[in-house]
Every structure is written in structure tokens, then in C-alpha cells.
Amino acid sequence: MGQLRRQLPIFARCGNCLPEHKMYLLMSRDIQLKERWEQLVAKLSDQFSQGEDLDLDSIIYLIGVQELGKVHQAFKKDEKVNLMHIAICRLLEPYGFYEFDYIDADGWPHYTIKEELPPLKAGEQSVLMKEAIVGYFLAREYID
């Protein structure tokens, strides 16, 4: 969990504050994450969906396609799984869990594991992925 906390600027700025203040900062961050997530889902759904909101897996898939750079290609089932893996590696790279290694002869990126993910509950996994996805799209100025 140390790796995750290093990536959260809120902890870096607020190392000596009272527990009540930390809880307020975490709640504020959670509200901001929720608002940004909703903005992102709405924008991506408008662009890529037929009227239904995209779910977490669909957004991860889109990121994988974006990272591969072959946006107009049809993919087989096993390739779709690999695209999601690419996306997860790319999303968790800033947290120190993966590191980009190389692009193979077919143009697929490969990552190496730098650190095993800590055991997370389903809800914690979801929050981590949403936070990473929001960060990904913030960095690309797709949302604000």
C-alpha cells in the first residue's frame, strides 16, 4: 500500500494533520473522483456507445485499443483480453506496479511487473482502477 500512498498528493501534503482533517480530505478526493468519473463515463459513452453508459471493463478495453494504436481494427476474443491487459499495465504503471518494456514485431506493447499488487477487496480494486483511468484521461486533457 506504500506505493499507492506515494502517488496520492493529498497524503504528501497532509502528513501531520489530524485524523478528522485527513478524513475530510479523503472524502473531498472521493467526491472529486466520483464527479470526474461520471464526466468521463458520460463523454466516452456519448462518443462510443449506443445510448448506454460504458462500464469499467469497456473503458479499460478502449484504453487498450488506444495504447495499441490500431483503433479501426477488429480484434479476436484473445486479442481483446490482451488489450485489456495492456490497458491495466499502462494504467497501473504510474503507481509503480508495471514498467513498459518493449513493443514487439506486431506492434503490441509489453510490460514487466515491478511490484505485485497488494491484496485488494473488489471495491478497492474498482476505486483504484477508476482513479487510474481518471488520471489517464486527465493527463490527455480529455476531461478536466
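The values are calculated or read from the model by the stated rules, or taken from the named source; none is laboratory data. What you see is a predicted model, and the numbers here were worked out from it, not measured in a lab. Methodologically, a virtual Cβ is constructed for each residue, glycine included, from the backbone with ideal geometry; neighbour enumeration extends over all protein chains shown. In case anyone asks, the SASA skips ligands and DNA or RNA and just uses the protein heavy atoms, side chains included. Shrake-Rupley method; radii C 1.70, N 1.55, O 1.52, S 1.80 Å.
Determine whether residue 143 is open to solvent by less than 40 Å² (accessible area, probe 1.4 Å) and in a helix (DSSP H, G or I). The answer is no for residue 143. In the range 99-116, the qualifying residues are those that are over 14 Å from residue 85 (Cα atoms) and assigned to a loop (DSSP other than H, G, I, E, B), and the one that is least open to solvent (accessible area, probe 1.4 Å) is 107. Residue pairs whose Cβ atoms lie under 8 Å apart, sitting 6 or more positions apart in sequence or on different chains, and linking a residue in the range 28-40 that is of a type in the set (Lys, Arg) and open to solvent by less than 100 Å² (accessible area, probe 1.4 Å) to a partner that is part of a helix (DSSP H, G or I) and modelled with pLDDT of 90 or more, are 36/134; 36/138. Pairing each residue of the range 121-144 that is on the phi > 0 side of the Ramachandran plot and among the aliphatic types (A, V, I, L, M) with any residue that is at pLDDT below 95 and surrounded by 18 or more Cβ atoms within 10 Å (Cβ to Cβ), provided the two are 6+ apart or on different chains, yields no C-beta distance under 6 Å.
Which one is farthest from residue 86 (Cα to Cα) among residues in the range 46-60 that are open to solvent by 100 Å² or more (accessible area, probe 1.4 Å) and in contact (Cβ under 8 Å) with a residue 12 or more places away in the chain? Walk me through it before giving the result.
From the range 46-60, those open to solvent by 100 Å² or more (accessible area, probe 1.4 Å) are 46-48, 50, 52-53; that's our starting set.
The next check asks that each one be in contact (Cβ under 8 Å) with a residue 12 or more places away in the chain; those that pass are 48, 53.
Numbers: 48: 20, 53: 22 Å.
Among residues in the range 46-60 that are open to solvent by 100 Å² or more (accessible area, probe 1.4 Å) and in contact (Cβ under 8 Å) with a residue 12 or more places away in the chain, the one farthest from residue 86 (Cα to Cα) is 53.
For the range 70-97, a residue qualifies if it is outside any helix (DSSP H, G or I) and either open to solvent by 60 Å² or more (accessible area, probe 1.4 Å) or touching a residue at least 40 places away in the same chain (Cβ under 8 Å) (or both), and the qualifying residues are 70, 71, 72, 73, 74, 76, 96, 97.
Going by the structure shown, is residue 67 open to solvent by 80 Å² or more (accessible area, probe 1.4 Å) and part of a helix (DSSP H, G or I)?
Numbers: open to solvent by 80 Å² or more (accessible area, probe 1.4 Å): no; part of a helix (DSSP H, G or I): yes.
No, not satisfied.
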